[in-house]
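The values are calculated or read from the model by the stated rules, or taken from the named source; none is laboratory data. In this text, all values refer to a predicted model and were calculated from it rather than measured experimentally. Note: ideal-geometry Cβ built from the backbone for every residue, glycine included; neighbour counts use all protein chains shown. Protein only, heavy atoms only, side chains kept; ligands, DNA and RNA dropped before computing areas. Shrake-Rupley method; radii C 1.70, N 1.55, O 1.52, S 1.80 Å.
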Amino acid sequence: MLLSKYFLPILKEDPKEAEIVSHRLMLRAGMIRQQTAGIYSWLPLGLRVLENVARIVREEQNRAGALELLMPTIQSADLWRESGRYDDYGKEMLRIEDRHERELLFGPTNEEMITDIFRNTVRSYRDLPLNLYHIQWKFRDEVRPRFGVMRGREFLMKDAYSFDVDAESARHAYNRMFVAYLRTFKRLGLTAIPMRADTGPIGGDLSHEFIILAETGESQVFCDQDLLTLDLPGDDTDFAADLSGVVSNWTTPYAATEEMHDADAFAALPEARQVSARGIEVGHIFYFGAKYSEPMKARVTGPDGVERPVHMGSYGVGVSRLLGALIEASHDEAGIIWPDSVAPFNVGLINLKPGDVATDEIAAGIVARLESAGLSVLYDDTDQRAGAKFATMDLIGLPWQLIVGPKGAAKGEVEIKRRATGERETLGIDAAVNRLVHETA
RNA sequence: CGGGGCAUAGCGCAGCCUGGUAGCGCAUCUGCUUUGGGAGCAGAGGGUCGCAGGUUCGAAUCCUGCUGCCCCGACCA
(Lines give C-alpha, C1' and ligand atoms only; values in the text may rest on other atoms or scores of the structure.)
Protein backbone atom coordinates (compact mmCIF):
# COMPACT_ATOMS: atom_id res chain seq x y z
CA MET A 1 0.00 0.00 0.00
CA LEU A 2 1.33 3.40 -0.99
CA LEU A 3 1.06 5.91 1.81
CA SER A 4 0.47 8.66 -0.77
CA LYS A 5 -2.73 6.82 -1.77
CA TYR A 6 -3.77 5.80 1.72
CA PHE A 7 -6.10 7.53 4.18
CA LEU A 8 -4.05 8.08 7.30
CA PRO A 9 -5.09 11.31 9.01
CA ILE A 10 -2.57 11.49 11.85
CA LEU A 11 -2.59 14.19 14.50
CA LYS A 12 0.56 15.81 15.81
CA GLU A 13 -1.18 17.18 18.84
CA ASP A 14 -3.16 15.37 21.51
CA PRO A 15 -6.91 15.73 21.14
CA LYS A 16 -8.15 17.26 24.37
CA GLU A 17 -10.99 14.80 24.90
CA ALA A 18 -8.70 11.81 25.13
CA GLU A 19 -7.45 11.13 28.61
CA ILE A 20 -5.88 7.67 28.51
CA VAL A 21 -3.01 6.66 26.30
CA SER A 22 -4.82 4.15 24.09
CA HIS A 23 -7.58 6.62 23.27
CA ARG A 24 -5.04 9.36 22.51
CA LEU A 25 -2.93 7.13 20.32
CA MET A 26 -5.87 5.68 18.40
CA LEU A 27 -7.01 9.19 17.54
CA ARG A 28 -3.52 10.44 16.76
CA ALA A 29 -2.65 7.43 14.62
CA GLY A 30 -5.76 7.94 12.50
CA MET A 31 -7.42 4.68 13.57
CA ILE A 32 -10.74 6.01 14.82
CA ARG A 33 -12.82 9.17 14.92
CA GLN A 34 -15.51 9.78 17.47
CA GLN A 35 -18.99 10.40 16.05
CA THR A 36 -20.80 10.98 19.31
CA ALA A 37 -20.27 9.93 22.92
CA GLY A 38 -19.10 6.32 22.97
CA ILE A 39 -19.60 5.77 19.23
CA TYR A 40 -16.71 5.67 16.77
CA SER A 41 -15.98 5.41 13.09
CA TRP A 42 -13.15 3.05 12.23
CA LEU A 43 -10.72 4.53 9.75
CA PRO A 44 -8.72 2.26 7.43
CA LEU A 45 -5.78 1.70 9.78
CA GLY A 46 -7.98 0.96 12.78
CA LEU A 47 -10.21 -1.30 10.76
CA ARG A 48 -7.26 -3.41 9.68
CA VAL A 49 -6.31 -4.04 13.30
CA LEU A 50 -9.92 -4.68 14.30
CA GLU A 51 -10.20 -7.27 11.54
CA ASN A 52 -6.93 -8.90 12.54
CA VAL A 53 -8.10 -9.23 16.13
CA ALA A 54 -11.45 -10.61 14.98
CA ARG A 55 -9.68 -13.07 12.70
CA ILE A 56 -7.62 -14.52 15.54
CA VAL A 57 -10.65 -14.73 17.79
CA ARG A 58 -12.54 -16.49 14.99
CA GLU A 59 -9.76 -18.96 14.27
CA GLU A 60 -9.58 -20.00 17.89
CA GLN A 61 -13.34 -20.30 18.23
CA ASN A 62 -13.41 -22.53 15.18
CA ARG A 63 -10.53 -24.57 16.49
CA ALA A 64 -12.42 -25.15 19.72
CA GLY A 65 -15.41 -26.45 17.79
CA ALA A 66 -17.67 -23.41 17.85
CA LEU A 67 -19.66 -22.59 14.70
CA GLU A 68 -20.02 -19.09 13.36
CA LEU A 69 -23.34 -17.56 12.44
CA LEU A 70 -24.55 -13.97 12.38
CA MET A 71 -27.49 -12.59 14.29
CA PRO A 72 -28.96 -9.11 13.71
CA THR A 73 -28.20 -6.02 15.75
CA ILE A 74 -31.91 -5.16 16.13
CA GLN A 75 -34.08 -7.47 18.20
CA SER A 76 -37.71 -7.72 19.13
CA ALA A 77 -38.75 -6.70 22.63
CA ASP A 78 -41.03 -9.74 22.80
CA LEU A 79 -38.09 -12.13 23.05
CA TRP A 80 -36.74 -10.22 26.00
CA ARG A 81 -40.10 -10.28 27.72
CA GLU A 82 -40.00 -14.07 27.61
CA SER A 83 -36.80 -14.21 29.61
CA GLY A 84 -37.93 -11.40 31.88
CA ARG A 85 -34.93 -9.27 31.02
CA TYR A 86 -36.82 -6.58 29.10
CA ASP A 87 -37.61 -4.83 32.35
CA ASP A 88 -34.54 -6.01 34.26
CA TYR A 89 -32.00 -4.63 31.83
CA GLY A 90 -32.96 -1.06 32.54
CA LYS A 91 -31.74 2.06 30.82
CA GLU A 92 -28.63 0.41 29.44
CA MET A 93 -30.80 -1.12 26.76
CA LEU A 94 -31.46 1.15 23.82
CA ARG A 95 -35.15 0.81 23.01
CA ILE A 96 -36.48 1.64 19.56
CA GLU A 97 -39.91 1.84 18.02
CA ASP A 98 -40.55 1.11 14.35
CA ARG A 99 -43.17 2.75 12.11
CA HIS A 100 -45.80 0.25 13.21
CA GLU A 101 -45.06 1.17 16.82
CA ARG A 102 -43.58 -2.25 17.43
CA GLU A 103 -41.05 -2.32 20.22
CA LEU A 104 -37.54 -3.15 19.16
CA LEU A 105 -34.15 -2.81 20.77
CA PHE A 106 -30.53 -2.57 19.73
CA GLY A 107 -29.10 -5.80 21.13
CA PRO A 108 -26.78 -5.54 24.13
CA THR A 109 -26.29 -9.32 23.98
CA ASN A 110 -27.93 -12.33 22.34
CA GLU A 111 -28.90 -15.00 24.86
CA GLU A 112 -32.60 -14.71 24.11
CA MET A 113 -32.15 -14.70 20.35
CA ILE A 114 -29.84 -17.69 20.24
CA THR A 115 -32.15 -19.55 22.57
CA ASP A 116 -35.00 -18.82 20.19
CA ILE A 117 -33.00 -20.11 17.23
CA PHE A 118 -32.12 -23.22 19.19
CA ARG A 119 -35.61 -24.06 20.41
CA ASN A 120 -37.07 -23.70 16.95
CA THR A 121 -34.68 -26.20 15.47
CA VAL A 122 -33.13 -28.58 17.97
CA ARG A 123 -35.19 -31.29 19.68
CA SER A 124 -32.80 -34.13 20.45
CA TYR A 125 -29.74 -34.68 22.59
CA ARG A 126 -28.26 -36.28 19.45
CA ASP A 127 -27.71 -32.76 18.03
CA LEU A 128 -25.66 -31.78 21.06
CA PRO A 129 -23.19 -30.53 22.10
CA LEU A 130 -23.55 -27.34 20.09
CA ASN A 131 -21.68 -24.06 20.34
CA LEU A 132 -22.74 -21.15 18.14
CA TYR A 133 -21.03 -17.79 18.04
CA HIS A 134 -21.03 -14.55 16.15
CA ILE A 135 -18.95 -11.41 15.97
CA GLN A 136 -21.37 -8.52 15.90
CA TRP A 137 -21.86 -4.93 17.00
CA LYS A 138 -23.63 -4.48 20.29
CA PHE A 139 -25.05 -1.43 21.96
CA ARG A 140 -25.20 -0.69 25.65
CA ASP A 141 -26.29 2.77 26.59
CA GLU A 142 -23.63 3.32 29.22
CA VAL A 143 -24.31 6.13 31.64
CA ARG A 144 -20.86 7.38 31.10
CA PRO A 145 -18.92 6.16 28.09
CA ARG A 146 -15.20 6.86 28.35
CA PHE A 147 -11.69 5.76 27.48
CA GLY A 148 -12.36 5.60 23.74
CA VAL A 149 -13.13 2.11 22.50
CA MET A 150 -12.45 0.63 25.93
CA ARG A 151 -15.83 1.70 27.16
CA GLY A 152 -17.84 2.70 24.16
CA ARG A 153 -21.57 2.38 23.85
CA GLU A 154 -21.37 0.67 20.49
CA PHE A 155 -18.77 -2.09 20.49
CA LEU A 156 -17.76 -5.20 18.57
CA MET A 157 -18.10 -8.38 20.54
CA LYS A 158 -17.64 -12.06 19.93
CA ASP A 159 -20.27 -13.96 21.82
CA ALA A 160 -20.59 -17.72 21.82
CA TYR A 161 -23.42 -19.80 23.28
CA SER A 162 -23.12 -23.45 24.24
CA PHE A 163 -25.92 -26.02 24.48
CA ASP A 164 -25.58 -29.32 26.28
CA VAL A 165 -27.76 -32.15 27.62
CA ASP A 166 -26.48 -32.05 31.16
CA ALA A 167 -24.29 -30.17 33.58
CA GLU A 168 -21.29 -32.42 33.07
CA SER A 169 -21.26 -31.94 29.33
CA ALA A 170 -21.89 -28.21 29.79
CA ARG A 171 -18.85 -28.06 32.01
CA HIS A 172 -16.80 -29.52 29.21
CA ALA A 173 -18.15 -26.85 26.85
CA TYR A 174 -17.13 -24.25 29.41
CA ASN A 175 -13.65 -25.70 29.63
CA ARG A 176 -13.25 -25.64 25.86
CA MET A 177 -13.99 -21.93 25.77
CA PHE A 178 -11.75 -21.37 28.77
CA VAL A 179 -8.83 -22.94 26.93
CA ALA A 180 -9.73 -21.25 23.63
CA TYR A 181 -9.55 -17.92 25.45
CA LEU A 182 -6.13 -18.63 26.91
CA ARG A 183 -4.90 -19.37 23.39
CA THR A 184 -6.65 -16.41 21.81
CA PHE A 185 -5.16 -13.81 24.14
CA LYS A 186 -1.74 -15.36 23.87
CA ARG A 187 -1.88 -15.14 20.08
CA LEU A 188 -2.89 -11.52 20.39
CA GLY A 189 0.32 -10.93 22.31
CA LEU A 190 -1.39 -10.43 25.65
CA THR A 191 -1.13 -12.01 29.06
CA ALA A 192 -4.67 -12.58 30.23
CA ILE A 193 -5.45 -14.01 33.65
CA PRO A 194 -8.72 -15.85 34.28
CA MET A 195 -10.29 -14.64 37.52
CA ARG A 196 -13.33 -15.76 39.42
CA ALA A 197 -16.00 -13.23 38.70
CA ASP A 198 -19.39 -11.96 39.54
CA THR A 199 -22.00 -13.05 37.00
CA GLY A 200 -23.88 -9.74 36.80
CA PRO A 201 -27.08 -9.50 34.75
CA ILE A 202 -26.23 -12.55 32.61
CA GLY A 203 -26.69 -14.73 35.68
CA GLY A 204 -25.38 -18.18 36.51
CA ASP A 205 -23.12 -19.77 39.04
CA LEU A 206 -19.83 -20.38 37.26
CA SER A 207 -17.94 -17.54 35.68
CA HIS A 208 -14.47 -16.27 34.89
CA GLU A 209 -13.31 -12.92 33.66
CA PHE A 210 -10.16 -12.77 31.56
CA ILE A 211 -8.15 -9.80 32.70
CA ILE A 212 -5.20 -7.98 31.17
CA LEU A 213 -3.00 -6.29 33.73
CA ALA A 214 -2.47 -2.63 32.85
CA GLU A 215 -2.02 0.53 34.90
CA THR A 216 -5.07 2.14 33.37
CA GLY A 217 -7.30 -0.85 34.08
CA GLU A 218 -10.77 -0.05 35.31
CA SER A 219 -10.89 -2.48 38.19
CA GLN A 220 -8.68 -3.57 41.02
CA VAL A 221 -7.59 -7.20 40.73
CA PHE A 222 -5.60 -9.64 42.85
CA CYS A 223 -3.69 -12.72 41.81
CA ASP A 224 -0.87 -15.13 42.45
CA GLN A 225 2.36 -14.19 40.65
CA ASP A 226 2.62 -17.80 39.45
CA LEU A 227 -0.22 -17.21 37.01
CA LEU A 228 1.91 -14.79 35.01
CA THR A 229 4.32 -17.53 34.03
CA LEU A 230 2.07 -20.57 33.57
CA ASP A 231 2.38 -22.54 30.34
CA LEU A 232 -0.29 -21.88 27.74
CA PRO A 233 -2.13 -24.59 25.80
CA GLY A 234 -0.32 -25.23 22.50
CA ASP A 235 -1.40 -25.66 18.89
CA ASP A 236 -1.73 -29.39 19.47
CA THR A 237 -4.46 -28.96 22.08
CA ASP A 238 -7.18 -31.56 21.54
CA PHE A 239 -10.48 -29.86 22.24
CA ALA A 240 -12.33 -33.15 22.18
CA ALA A 241 -10.26 -34.42 25.10
CA ASP A 242 -10.80 -33.71 28.78
CA LEU A 243 -9.48 -30.20 29.42
CA SER A 244 -10.24 -30.08 33.12
CA GLY A 245 -6.54 -30.51 33.96
CA VAL A 246 -5.58 -27.34 32.09
CA VAL A 247 -8.48 -25.43 33.58
CA SER A 248 -7.62 -26.61 37.04
CA ASN A 249 -3.98 -25.48 36.63
CA TRP A 250 -5.26 -22.04 35.77
CA THR A 251 -7.96 -21.80 38.39
CA THR A 252 -6.17 -23.20 41.41
CA PRO A 253 -3.79 -20.27 42.07
CA TYR A 254 -5.51 -17.32 43.68
CA ALA A 255 -7.03 -14.79 41.26
CA ALA A 256 -10.06 -12.60 41.78
CA THR A 257 -11.55 -9.27 40.85
CA GLU A 258 -12.38 -6.80 43.58
CA GLU A 259 -16.04 -7.94 43.93
CA MET A 260 -14.96 -11.54 44.48
CA HIS A 261 -11.82 -10.78 46.47
CA ASP A 262 -11.08 -12.86 49.56
CA ALA A 263 -8.52 -10.84 51.49
CA ASP A 264 -7.64 -13.69 53.85
CA ALA A 265 -6.95 -16.17 51.07
CA PHE A 266 -4.84 -13.57 49.26
CA ALA A 267 -2.90 -12.74 52.44
CA ALA A 268 -2.07 -16.42 52.86
CA LEU A 269 0.13 -16.25 49.75
CA PRO A 270 3.84 -15.56 50.24
CA GLU A 271 4.20 -11.80 49.99
CA ALA A 272 6.46 -11.97 46.94
CA ARG A 273 3.69 -13.73 45.00
CA GLN A 274 0.91 -11.29 45.88
CA VAL A 275 0.06 -9.31 42.77
CA SER A 276 -2.31 -6.44 43.32
CA ALA A 277 -2.90 -4.51 40.13
CA ARG A 278 -5.33 -2.76 37.82
CA GLY A 279 -6.99 -4.90 35.18
CA ILE A 280 -8.89 -4.60 31.92
CA GLU A 281 -11.60 -7.16 31.32
CA VAL A 282 -11.31 -8.51 27.79
CA GLY A 283 -13.31 -11.72 28.07
CA HIS A 284 -16.02 -13.14 30.27
CA ILE A 285 -17.39 -16.67 30.31
CA PHE A 286 -20.49 -17.94 32.09
CA TYR A 287 -22.25 -21.20 32.74
CA PHE A 288 -25.87 -20.49 33.64
CA GLY A 289 -27.66 -23.81 33.15
CA ALA A 290 -31.36 -23.36 32.45
CA LYS A 291 -31.69 -19.65 33.19
CA TYR A 292 -32.91 -18.94 29.65
CA SER A 293 -33.87 -22.39 28.39
CA GLU A 294 -36.38 -22.89 31.20
CA PRO A 295 -38.49 -19.75 30.72
CA MET A 296 -38.06 -19.83 26.95
CA LYS A 297 -38.82 -23.55 26.72
CA ALA A 298 -35.67 -24.62 24.91
CA ARG A 299 -35.87 -28.34 25.59
CA VAL A 300 -34.27 -31.47 24.22
CA THR A 301 -35.23 -35.09 24.63
CA GLY A 302 -32.52 -37.08 26.35
CA PRO A 303 -31.46 -40.70 25.72
CA ASP A 304 -33.97 -41.72 28.39
CA GLY A 305 -36.83 -40.21 26.38
CA VAL A 306 -37.39 -37.47 28.92
CA GLU A 307 -37.58 -33.86 27.73
CA ARG A 308 -35.56 -31.32 29.71
CA PRO A 309 -34.28 -27.73 29.42
CA VAL A 310 -30.94 -27.51 27.71
CA HIS A 311 -27.87 -26.42 29.72
CA MET A 312 -26.35 -23.24 28.42
CA GLY A 313 -23.32 -21.05 28.77
CA SER A 314 -22.21 -17.84 27.11
CA TYR A 315 -18.76 -16.61 26.29
CA GLY A 316 -17.86 -13.05 25.35
CA VAL A 317 -14.75 -11.36 24.02
CA GLY A 318 -14.64 -7.59 23.68
CA VAL A 319 -13.11 -7.36 20.23
CA SER A 320 -13.10 -3.58 19.86
CA ARG A 321 -12.12 -3.13 23.49
CA LEU A 322 -9.12 -5.38 22.85
CA LEU A 323 -7.58 -2.72 20.61
CA GLY A 324 -7.52 -0.34 23.54
CA ALA A 325 -6.19 -3.04 25.82
CA LEU A 326 -3.45 -3.95 23.34
CA ILE A 327 -2.26 -0.35 23.17
CA GLU A 328 -2.45 0.11 26.93
CA ALA A 329 -0.23 -2.96 27.23
CA SER A 330 2.14 -2.04 24.41
CA HIS A 331 3.23 1.52 23.65
CA ASP A 332 5.96 4.05 24.41
CA GLU A 333 6.39 7.84 24.25
CA ALA A 334 6.60 7.75 20.46
CA GLY A 335 3.43 5.78 19.87
CA ILE A 336 1.88 2.36 19.51
CA ILE A 337 3.87 -0.89 19.37
CA TRP A 338 1.72 -3.53 17.69
CA PRO A 339 2.34 -7.20 18.30
CA ASP A 340 3.16 -8.90 14.98
CA SER A 341 -0.05 -10.90 15.02
CA VAL A 342 -2.43 -7.93 14.83
CA ALA A 343 -0.33 -5.15 13.26
CA PRO A 344 -2.16 -3.27 10.50
CA PHE A 345 0.85 -3.82 8.24
CA ASN A 346 3.86 -6.03 8.91
CA VAL A 347 6.37 -3.55 7.54
CA GLY A 348 6.58 0.20 7.12
CA LEU A 349 8.92 1.00 4.27
CA ILE A 350 10.40 4.49 4.24
CA ASN A 351 11.87 5.88 1.06
CA LEU A 352 13.95 8.82 2.25
CA LYS A 353 14.25 10.30 -1.22
CA PRO A 354 11.29 9.57 -3.47
CA GLY A 355 12.05 10.63 -7.00
CA ASP A 356 15.60 9.33 -6.74
CA VAL A 357 15.99 6.57 -9.33
CA ALA A 358 18.05 4.33 -7.09
CA THR A 359 15.90 4.54 -3.95
CA ASP A 360 12.63 4.31 -5.94
CA GLU A 361 13.81 1.19 -7.70
CA ILE A 362 15.06 -0.50 -4.55
CA ALA A 363 11.92 0.37 -2.60
CA ALA A 364 9.58 -0.87 -5.35
CA GLY A 365 11.54 -4.11 -5.59
CA ILE A 366 11.38 -4.66 -1.85
CA VAL A 367 7.63 -4.03 -1.72
CA ALA A 368 7.08 -6.57 -4.49
CA ARG A 369 9.21 -9.21 -2.80
CA LEU A 370 7.72 -8.72 0.66
CA GLU A 371 4.18 -8.75 -0.67
CA SER A 372 4.72 -11.84 -2.75
CA ALA A 373 6.03 -13.49 0.41
CA GLY A 374 2.68 -12.68 2.04
CA LEU A 375 3.72 -9.67 4.12
CA SER A 376 1.72 -6.47 4.13
CA VAL A 377 3.71 -3.29 3.53
CA LEU A 378 2.87 0.35 4.02
CA TYR A 379 5.24 2.17 1.69
CA ASP A 380 5.89 5.80 2.59
CA ASP A 381 6.52 7.27 -0.86
CA THR A 382 5.59 10.80 0.17
CA ASP A 383 7.97 13.72 -0.07
CA GLN A 384 7.85 14.55 3.60
CA ARG A 385 11.08 15.05 5.48
CA ALA A 386 12.83 12.12 7.08
CA GLY A 387 12.01 13.15 10.61
CA ALA A 388 8.30 13.36 9.92
CA LYS A 389 8.33 9.93 8.27
CA PHE A 390 10.08 8.31 11.20
CA ALA A 391 7.71 9.96 13.64
CA THR A 392 4.67 8.74 11.71
CA MET A 393 5.95 5.17 11.54
CA ASP A 394 6.75 5.17 15.24
CA LEU A 395 3.30 6.56 16.01
CA ILE A 396 1.34 3.97 14.06
CA GLY A 397 3.52 1.22 15.52
CA LEU A 398 4.22 -1.16 12.64
CA PRO A 399 6.51 -3.92 13.97
CA TRP A 400 9.25 -3.37 11.39
CA GLN A 401 10.52 -0.32 9.60
CA LEU A 402 12.65 -0.68 6.50
CA ILE A 403 14.52 2.44 5.51
CA VAL A 404 15.85 3.07 2.02
CA GLY A 405 18.07 6.13 1.68
CA PRO A 406 20.33 7.44 -1.08
CA LYS A 407 23.57 6.77 0.79
CA GLY A 408 22.73 3.14 1.51
CA ALA A 409 21.27 2.69 -1.95
CA ALA A 410 24.63 3.48 -3.48
CA LYS A 411 26.12 0.56 -1.55
CA GLY A 412 23.13 -1.73 -2.04
CA GLU A 413 22.25 -1.43 1.61
CA VAL A 414 19.09 -0.67 3.57
CA GLU A 415 18.31 -0.36 7.23
CA ILE A 416 15.75 -2.25 9.29
CA LYS A 417 14.40 -1.16 12.63
CA ARG A 418 12.43 -3.18 15.12
CA ARG A 419 9.76 -0.87 16.54
CA ALA A 420 9.50 -2.62 19.90
CA THR A 421 13.17 -2.34 20.82
CA GLY A 422 14.37 0.47 18.59
CA GLU A 423 17.22 -1.77 17.38
CA ARG A 424 18.50 -0.86 13.94
CA GLU A 425 20.58 -2.89 11.58
CA THR A 426 22.09 -2.10 8.19
CA LEU A 427 21.88 -4.99 5.77
CA GLY A 428 22.11 -5.87 2.10
CA ILE A 429 18.78 -5.80 0.31
CA ASP A 430 18.41 -9.57 0.07
CA ALA A 431 19.39 -10.06 3.67
CA ALA A 432 16.89 -7.45 4.82
CA VAL A 433 14.03 -8.97 2.85
CA ASN A 434 14.86 -12.49 4.01
CA ARG A 435 15.12 -11.31 7.58
CA LEU A 436 11.70 -9.69 7.59
CA VAL A 437 10.06 -12.62 5.85
CA HIS A 438 11.65 -15.02 8.28
CA GLU A 439 10.88 -12.97 11.41
CA THR A 440 7.28 -12.34 10.47
CA ALA A 441 6.47 -15.93 9.41
C1' C B 1 -27.66 9.66 37.90
C1' G B 2 -24.89 13.25 41.57
C1' G B 3 -20.55 16.77 41.36
C1' G B 4 -17.19 19.75 38.29
C1' G B 5 -15.46 21.78 33.59
C1' C B 6 -15.46 23.09 28.47
C1' A B 7 -17.73 24.80 23.57
C1' U B 8 -13.89 30.66 19.12
C1' A B 9 -10.65 28.01 11.54
C1' G B 10 -9.26 20.83 10.40
C1' C B 11 -6.35 20.25 15.55
C1' G B 12 -4.49 22.77 20.12
C1' C B 13 -5.50 27.46 22.25
C1' A B 14 -5.78 33.19 23.38
C1' G B 15 -9.49 37.04 23.41
C1' C B 16 -14.58 37.34 27.54
C1' C B 17 -13.37 40.00 33.74
C1' U B 18 -13.52 45.91 31.75
C1' G B 19 -18.96 45.24 24.95
C1' G B 20 -16.65 48.56 19.49
C1' U B 21 -17.25 43.59 14.41
C1' A B 22 -11.69 37.99 15.80
C1' G B 23 -6.20 36.40 16.79
C1' C B 24 -1.78 32.83 17.73
C1' G B 25 0.72 27.95 16.90
C1' C B 26 0.22 23.52 14.05
C1' A B 27 -2.18 21.78 9.60
C1' U B 28 -3.73 23.32 4.28
C1' C B 29 -2.39 26.01 -0.63
C1' U B 30 1.68 28.88 -3.70
C1' G B 31 6.88 30.10 -4.42
C1' C B 32 12.08 29.72 -3.12
C1' U B 33 15.60 27.26 -0.09
C1' U B 34 16.30 22.75 2.67
C1' U B 35 16.49 17.14 2.87
C1' G B 36 18.54 10.58 8.11
C1' G B 37 14.27 12.15 13.66
C1' G B 38 7.71 16.17 13.36
C1' A B 39 12.55 22.22 8.34
C1' G B 40 13.26 27.86 7.13
C1' C B 41 11.63 32.33 4.72
C1' A B 42 7.80 34.94 2.01
C1' G B 43 2.78 34.98 0.73
C1' A B 44 -2.46 33.04 0.57
C1' G B 45 -7.06 30.68 1.78
C1' G B 46 -10.11 29.13 5.68
C1' G B 47 -14.84 31.51 11.10
C1' U B 48 -23.24 31.66 11.07
C1' C B 49 -17.31 32.67 17.96
C1' G B 50 -22.39 25.41 19.90
C1' C B 51 -27.99 26.84 19.34
C1' A B 52 -32.16 30.11 20.67
C1' G B 53 -33.88 34.28 23.02
C1' G B 54 -32.84 38.90 25.77
C1' U B 55 -30.08 43.67 27.23
C1' U B 56 -27.55 47.47 24.18
C1' C B 57 -26.55 52.33 19.16
C1' G B 58 -23.36 47.93 19.01
C1' A B 59 -22.52 41.12 21.86
C1' A B 60 -17.40 36.02 21.01
C1' U B 61 -17.65 39.27 25.41
C1' C B 62 -23.25 40.79 29.75
C1' C B 63 -28.20 37.94 31.13
C1' U B 64 -31.68 33.57 30.48
C1' G B 65 -32.82 28.89 28.44
C1' C B 66 -31.29 24.72 25.59
C1' U B 67 -27.83 21.26 23.30
C1' G B 68 -23.26 18.72 22.83
C1' C B 69 -18.67 16.97 24.72
C1' C B 70 -15.02 15.94 28.67
C1' C B 71 -13.41 14.80 33.81
C1' C B 72 -14.44 12.66 39.11
C1' G B 73 -17.87 9.35 41.53
C1' A B 74 -21.78 5.51 41.43
C1' C B 75 -22.74 1.70 37.43
C1' C B 76 -20.92 -1.66 33.67
C1' A B 77 -18.55 -6.51 28.33
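Okay, here's what the table says:
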{"quantity": "Selection within region A:15-33 - open to solvent by less than 90 Å² (accessible area, probe 1.4 Å) and either free of Cβ contacts under 8 Å to residues at least 60 places away in the same chain or assigned to a helix (DSSP H, G or I) (or both)", "calculated": "A:15, A:21, A:22, A:23, A:24, A:25, A:26, A:27, A:28, A:33"}
{"quantity": "Filter result (surrounded by fewer than 16 Cβ atoms within 10 Å (Cβ to Cβ) and touching a residue at least 60 places away in the same chain (Cβ under 8 Å)) within region A:241-259", "calculated": "A:242, A:244, A:259"}
{"quantity": "Some residue of region A:84-105 being among the small types (Gly, Ala, Ser) and on the phi < 0 side of the Ramachandran plot", "calculated": "no"}
{"quantity": "Given (1) more than 21 Å from residue A:257 (Cα to Cα); (2) part of a helix (DSSP H, G or I); (3) open to solvent by less than 10 Å² (accessible area, probe 1.4 Å), index of the condition residue A:174 fails", "calculated": "(1)"}
{"quantity": "Any chance residue A:209 is open to solvent by 10 Å² or more (accessible area, probe 1.4 Å), under 15 Å from the mean Cα position of the chain (by Cα) and modelled with pLDDT under 95", "calculated": "yes"}
{"quantity": "Qualifying residue in region A:44-53 (condition: among the charged types (D, E, K, R), assigned to a helix (DSSP H, G or I) and away from RNA strand B (no atom under 16 Å from the Cβ))", "calculated": "yes"}
{"quantity": "Wholly within region A:380-441, strands (runs of 3 or more DSSP E) carrying at least 2 residues that are within 8 Å of RNA strand B (Cβ to nearest atom), in contact (Cβ under 8 Å) with a residue 40 or more places away in the chain and open to solvent by less than 60 Å² (accessible area, probe 1.4 Å)", "calculated": "A:400-404"}
{"quantity": "Residue count, region A:70-116 (criterion: open to solvent by 40 Å² or more (accessible area, probe 1.4 Å), among the acidic types (Asp, Glu) and in contact with a strand residue (DSSP E or B) (Cβ under 7 Å, 6 or more places away or on another chain))", "calculated": "3"}
